[in-house]
1. I'd like the FRET efficiency for Asp205 and Asn469, computed as 1/(1 + (r/R0)^6) with the beta carbon distance as r and R0 of 22 Å, rounded to 0.05.
2. Could you tell me the relative contact order of region 80-180? Use alpha-carbon pairs under 8 Å, at least six residues apart, and round to a whole percent.
3. By count of other Cβ within 10 Å, fewest leading, how are Ser158, Ser445, Ser323 ordered?
4. Report the net charge of residues surrounding Ile327, where surrounding means a beta-carbon distance below 14 angstrom and charges are Lys +1, Arg +1, Asp -1, Glu -1.
5. Shape verdict for region 217-271, please, from the Cα gyration tensor: rounded (a/c under 1.5), prolate (a/b greater than b/c) or oblate.
6. Quick check for you: which residues of region 344-369 have the amide N under 12 Å from the point 7 Å beyond the Cα of Glu269 toward its beta carbon?
7. Under a Cβ-Cβ cut-off of 11 Å, what is the net charge of the residues other than Val363 that fall near it, where Lys and Arg count +1 and Asp and Glu count -1?
8. Over region 274-331, what is the relative contact order in percent, taking alpha-carbon pairs closer than 8 angstrom and at least six residues apart?
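Please treat every number below as a calculation from the coordinates, not as lab data. For clarity, every value in this text was computed on a predicted model and none was experimentally measured. Using ideal geometry, Cβ is built from the backbone for each residue, glycine included, and neighbour counts are taken over all protein chains shown.
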Amino acid sequence: MSKELKPDQANQLVTDSRGWSRREFLRSMFYTAGAVGSASWLTACMGGSGGADQAAELLPPGNTVTPTPDLPDTLPDIPELVGRFANLGPLEEPDLYGVRSPAGFTTRVVAVNKELPQPKGMSAAGPQTGGVGNRPWHIFPDGAGVVPRDNGGWIYISNSEVPGAGTIGFMYPALSGLANAAEELTPGLAQVGTLVFDPDGTIVDSYTILSGTTFNCAGCVTPWKTWLSCEEFPNGQVWECDPYQPGEGLARPTLGLFSHEAIAIDPNERRLYLTEDMPDGRFYRWLPDPADWPEGAERAALQAGRLQVMAVGGDGVEGALASPQPITWIDALNPHEPQDQNRIPESTAFDGGEGVWYFNGIVYFATKGDNRIWAVDTAAQTVEIIYDLATAEAPNNILSGVDNLFVTNQGDVLVAEDGGDMQVVAILPDRTLKPIVQVVGQDASEIAGVAFSPDGRRMYFTSDRGGRNGLGGFTNGLGMVYEVLLPDNL
């Protein structure tokens, strides 16, 4: 029988993990008694050296390179984007909930671990009786998304990043084979939960749409309004869930077996882009078979397609700091096996792939190991680095621990920090940085789960290891969800 992590043990672990990386924090969990037992807006991505012909000569038999398509001589003009948060004021002093935000923002807490969500939000004074839904809010809320309801309300979808036996392979890649085998024998303790909102922001229900999985990190809302939830361990899968009713998701193994972090979908070209959170992780795309997502069809079946990995040509990864570099795509080796055991040397390693988002022909993704934000131009088939902490200069060097991403329809790339200063920071279209919110007093936590209500007025985010301090405030804990109401002029 598996033993659950006791609340007092988990609180001590998150308190002691101040300043650690997530892998260090998880390693601490697995050395603690009971931890190994416990392991028992919407739609949210050739030329020069290293080209397709050259790469093809280097591939193992049976692998192919997808060539860069011919591009038109001229491209249509795209209106210049200014950014929704370009004129945002400075962050003010922390409010009752420990959140710093600009003038005009209003904060409430909408969920706290081990408590039933309340219709009007959670009191800062302490836990309340009653509530909505049939089970308390889950532990370690992470990646999230929002889907609209027919009555004008919306549903906030939240992953639960609970580790399991397979997570040992995430912490110690050399042990991934043994960890994957142990995962098959151990039920997962993670889940995906929902908060159901009426048009006025009242919370009217809460239920689970996936359970029995492990270390569910991020994912994405699909154009057909399902939720893709990513398991983050070496044999992890993507699960498709119906957010509109309680239930269980369906595994989509065609999307690969690896430490999935997040997904972005290009609905025009019918492509999925996926990140892998490992020190030698790859950046992937998935091409559906013609029958899986026919042209004009509303959705992909997500049952058959080609998994490919990116190879950066030209001057390589470091060249992408200065200018866009050409990329090619190589069919994954043994795509139905764990990809950490089937690396293609010619593919490019990315240190800790995190959030990913598709917007206006660009796929943005983050790598936490080197604190970089990347931009893949899907038409030109190039990649460049649009933010790099090591080379950034003040005042545009305030972003570290880059993690979840969200891109507004005005082109702001919102980055949630795992550690750092516990901020959500906007990279504006001109690549200057603006902090949007900051959580204080929860240095052992991370911010994740950034999403907006369909009208864009309410922004949600999690403190995945935040909780009550017992004195009418909040500190490190087992996870909570914030809502920020934005002023009318934004």
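1. Details: r = 28 Å, r/R0 = 1.29.
Efficiency for this residue pair is about 0.20.
2. Numbers: 126 pairs, mean separation 14.0, N = 101.
The value is 14 percent.
3. Going from sparsest to densest Cβ surroundings: Ser323, Ser445, Ser158.
4. Details: positive: Arg271, Arg282, Arg285; negative: Asp315, Glu346, Asp377, Glu384.
With Lys, Arg at +1 and Asp, Glu at -1, the neighbours total -1.
5. oblate
6. 358-364
7. After counting each charged neighbour, the total is -1.
8. Once normalised by length, the contact order is 27 percent.
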